[in-house]
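One structure below.
Please treat every number below as a calculation from the coordinates, not as lab data. Since the structure is predicted, the reported quantities are computational estimates derived from the model, not experimental observations. Backbone-built Cβ (ideal geometry, glycine too); neighbour counts: all protein chains shown.
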Amino acid sequence: MRVTTYSAAQDFLAQVQATLEQDEPANNVILGVAANVARGIAYGPHPPYFATVEDEHGLALAAMMTPPHNLSLYGQADRWLAALEPLAVNLRDGGWPVPGVIGRIEVAEAFARVWSRVAAVSWWVNMRQRIYELTQVVSSPTPPGHFRPATESDLDLVTDWAVAFEREALAGEPDRAAARAGLARRIGEQGIYLWDDGGPVSMAAWGRPMKHSVIVNLVYTPPDLRGKGYASAVVAHLSQLLLDRGFTRCVLHTDLANPTSNSIYQRIGYRPVLDSNEYRFG
């Protein structure tokens, strides 16, 4: 097995993009984040980690991490298992902090076991996720209000909501100033949309565009405004807008512990692609 690391996202993508694009929804994190890094978007103060592990047949494993975020993995066919230990040793010897790992359950869990042994840390399942894709909006709810892009005047509210989203959905405590800067950029690119019913009542965003697919994320409605169909409406309208712009599918991630979000997305037209677990280390 040969481990190769890449200092430039462009060089990493040159090695893995064609393979990963054969299943964009399943590989959306690696493809989308690496493409964003390649165009100059930073995900934190530290340099990103890009690596491939190859055997005599070619690519066996691809890995990407933007500290302090989790390691993301792609495993090729039935050859990825032997590639996990060389990758783990490369990360350990390079002094890379690995807070967690995400990916297909069998790949991510196998890496968690290897990393636990190589780095002498404990591991646990932090979140069980499901990846969905939509190729056609089958239901577009129309509660009172209208769909519109977020503007600069919405930045403070959108920041409040994004911080609340991370606390609630991801149990994290984001850096508000860094979040605000990133959200300002996304608003400037018309990447965040709102449902407005006498004022903003729900939001959804898009990002990580790929060759054919795009991510829908940051779906949030304040607790006192839930149950009115606002989130369904903003996600349905945003999904249709993205399809109209030429993407063939929209992709989103859900927490399987939240049955409400899983059911509303399916009513809109999202269909399950695969389950993907997040494992954390400590």
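Local charge for Gly58 was computed over the other residues whose Cβ lies under 14 Å away, with Lys and Arg +1 and Asp and Glu -1, and equals -2.
Amide hydrogen proximity for Val219: with H placed 1.01 Å from N in the peptide plane, the residues at 5 or more positions away or on another chain lying under 5 Å are Ala205.
With a cut-off of 13 Å between beta carbons, the residues surrounding Gly229 carry a summed charge of +2, where Lys and Arg count +1 and Asp and Glu -1. Look at the alpha carbon pairs under 8 Å that are at least 6 residues apart: their mean separation over the length of the chain gives a relative contact order of 23 percent. Based on Cα contacts under 8 Å between residues 6+ apart, region 163-235 shows a relative contact order of 23 percent. Size of region 188-230: Rg and Dmax of its alpha carbons, in Å, are 12.2, 38.
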